[in-house]
Amino acid sequence: MAPTTASRVSISTAEIESQARLRHAQAELADVNAQLDRARANLRGVEGPAADQRVSTGSSDDQELLARAAELVVSTQFGSTSMLQRKLRVGFAKAGELMGLLETRGVVGPAEGSKARSVLYSVEELPALLITLRASEPSQIQNDEVGAGE
């Protein structure tokens, strides 16, 4: 007897529907996970990493430099590190640090390669933003950092 091969596979409608529901549930789960990741990233941006807060508020000069950077970016609606270098007369590392701090505070969007970052504040919202940036006290943030480790 020669071996025979079967070319038909019998799958019931119930099995197909079950697989379709499974794939649909997996897609929904992926969407929920993506939303959670975005929410966590936004939360980190609101709270700001301790290292970024320490750098940005180490002195009133740093606070003022951050406020000037925010003012430039929002008023020009152009989130560029090289623009900060030129206008604030700072080095590349400091301009990048300032841009990172502006991102954690929700002023600019994430980096997209070499393109300028999107600015998330309008010119009309600038005065309130500057008040917020200038009002944060360095000692208050340093106390928060100490309590965060408990």
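The values are calculated or read from the model by the stated rules, or taken from the named source; none is laboratory data. This is a predicted model, so every value here is computed, not measured. Every residue, glycine among them, receives a Cβ derived from its backbone with ideal geometry; neighbour counts consider all protein chains shown.
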field: Identity of the residue in segment 68-110, under 21 Å from the mean Cα position of the chain (by Cα), in a loop (DSSP other than H, G, I, E, B) and of a type outside the set (G, A, S), that ends up surrounded by the most Cβ atoms within 10 Å (Cβ to Cβ)
entry: V107
Qualifying positions in segment 51-93 - modelled with pLDDT of 90 or more and of a type in the set (S, T, Y): S75, T76, S80, T81, S82
